[in-house]
């Protein structure tokens, strides 16, 4: 049975913890708003990019001059996975969710006899994947120093990927990140970025994009400029979604922690009060029985 | 007064301009061009340079863009810039950094094609610097 003093100490320490989690929750809420705004501000660009890309793909018509980034190498042997996670923990199952998703994917690829290479963006994903697949991780990108996520960061990652592709070190590149649905739900998503999905092509027709365009310079040339840029944009979007998702997950995790701490304080206070009462009763009995003995 | 059309300047980070304008001067990869309402559909890449926007209200705004491309249709014009800032907000050190990077790129280029590309980019950047930083 802990003494009164022990209980008092424990209540104090749980209270301190509660204050910390509460503060973290509020910080996460503020950051979440900012991250959401950033994600929203970036949306017009990626939407336009998609439309333009669809349009131009149609113009080129998948002819011989389509760049390799779009058509792929024609093989499907070596897969590069870019796994984007958060830099910090304390955000519930956010990181492990992405890592688990990526791991399932890796397992499937390995079972099919493919070769897998991994680039980790974010420290947490690296820590988790290192346990099982250390030999496959070829690179990691550290964004811990980055205060506000800029396009430059995404561009650097995309450039790395494109460079590797140029060297012929992989055939298919898939991006893993967490899609931000709402504060309480983030969905791990895999998105193939090389070869670029041609799924966007029918969208152009619906868009009424059959106007006769003039291209300056040639469509093929624009396309070869556009595709790498599109990869950067996809990475950027993934990073932004991740940032928003991380903050959302952190907010709900810290909310839970605060509530748990509250419950714990209640329970401890009850025990503390009972024990104090018991001690008072005991002292009273001693006094009374002492008086009666006289 | 010329007819107005919708112009949008978008960078990956945000939407900079979305308004009715009279004319826009775009630094196209194959020469500057002025876009006005009912322009024939054109798609062009752009080089680093200054975009001059004349709004329907008669104001003139200038933005520095670093590469990207423009999508022009009769109803409007969308400029997707890799990075864009208003001329008034340009950061000299940032520009100097970009030039430095371009210089390194040119020095590191593996083959002739990459080198000529990098050098072209570098010369575009220095021209840009000369154009906007005399003040």
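The values are calculated or read from the model by the stated rules, or taken from the named source; none is laboratory data. This one's a predicted model, so the numbers in the text were calculated from it and none came from an experiment. Positions of Cβ are backbone-derived with ideal geometry, glycine not excepted, and every protein chain shown enters the neighbour counts.
Quick notes on this structure:
- Of all residues making up region B:13-30, the number that are within 11 Å of chain A (Cβ to nearest Cβ) and closer than 22 Å to residue A:212 by Cα: 4
- For region A:139-159, the set of residues classified as closer than 20 Å to residue A:79 by Cβ and either within 20 Å of the chain's Cα centre (by Cα) or not assigned by TED's automatic domain parsing to the domain that holds residue A:100 (or both) consists of A:139, A:140, A:141, A:157, A:158, listed by residue number.
This table checks each residue for (1) within 14 Å of chain B (Cβ to nearest Cβ); (2) part of a helix (DSSP H, G or I); (3) surrounded by 17 or more Cβ atoms within 10 Å (Cβ to Cβ); (4) modelled with pLDDT under 85.
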| residue | (1), (2), (3), (4) |
| --- | --- |
| A:163 | yes, yes, no, no |
| A:169 | no, no, no, no |
| A:177 | no, no, yes, no |
| A:191 | no, no, no, no |
| A:198 | no, no, no, yes |
| A:209 | yes, no, yes, yes |
| A:231 | yes, yes, yes, no |
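- Criterion applied to B:33, B:43 was being within 10 Å of chain A (Cβ to nearest Cβ), more than 27 Å from residue A:237 (Cβ to Cβ), part of a strand (DSSP E or B) and touching a strand residue (DSSP E or B) at 6+ places or on another chain (Cβ under 6 Å), and the one residue passing it is B:33.
- Subset of region B:73-100 (residues that are assigned to a strand (DSSP E or B) and either over 16 Å from residue A:52 (Cβ atoms) or within 14 Å of the chain's Cα centre (by Cα) (or both)): B:77, B:78, B:79, B:80, B:81, B:84, B:85, B:86
- Of the residues making up region A:92-117, those that are over 16 Å from residue A:190 (Cα atoms) and surrounded by 15 or more Cβ atoms within 10 Å (Cβ to Cβ) are A:92, A:114.
- Any hit, region B:55-63, residues being closer than 12 Å to residue A:216 by Cβ, touching a strand residue (DSSP E or B) at 6+ places or on another chain (Cβ under 9 Å), surrounded by 18 or more Cβ atoms within 10 Å (Cβ to Cβ) and more than 10 Å from every other protein chain (Cβ to nearest Cβ): no
- Criterion: surrounded by fewer than 19 Cβ atoms within 10 Å (Cβ to Cβ), away from chain B (no Cβ under 14 Å) and closer than 30 Å to residue A:113 by Cα - qualifying residue of A:89, A:74: A:74
- Among the candidates B:81, B:86, B:75, residue that is under 30 Å from residue A:231 (Cβ atoms), more than 14 Å from every other protein chain (Cβ to nearest Cβ) and out of contact with any helix residue (DSSP H, G or I) (no Cβ under 6 Å at 6 or more places or on another chain): B:86
- Restricting attention to region A:211-226 and to residues that are assigned to a helix (DSSP H, G or I) and in contact with a strand residue (DSSP E or B) (Cβ under 9 Å, 6 or more places away or on another chain), the residue that is farthest from residue A:173 (Cα to Cα) turns out to be A:219.
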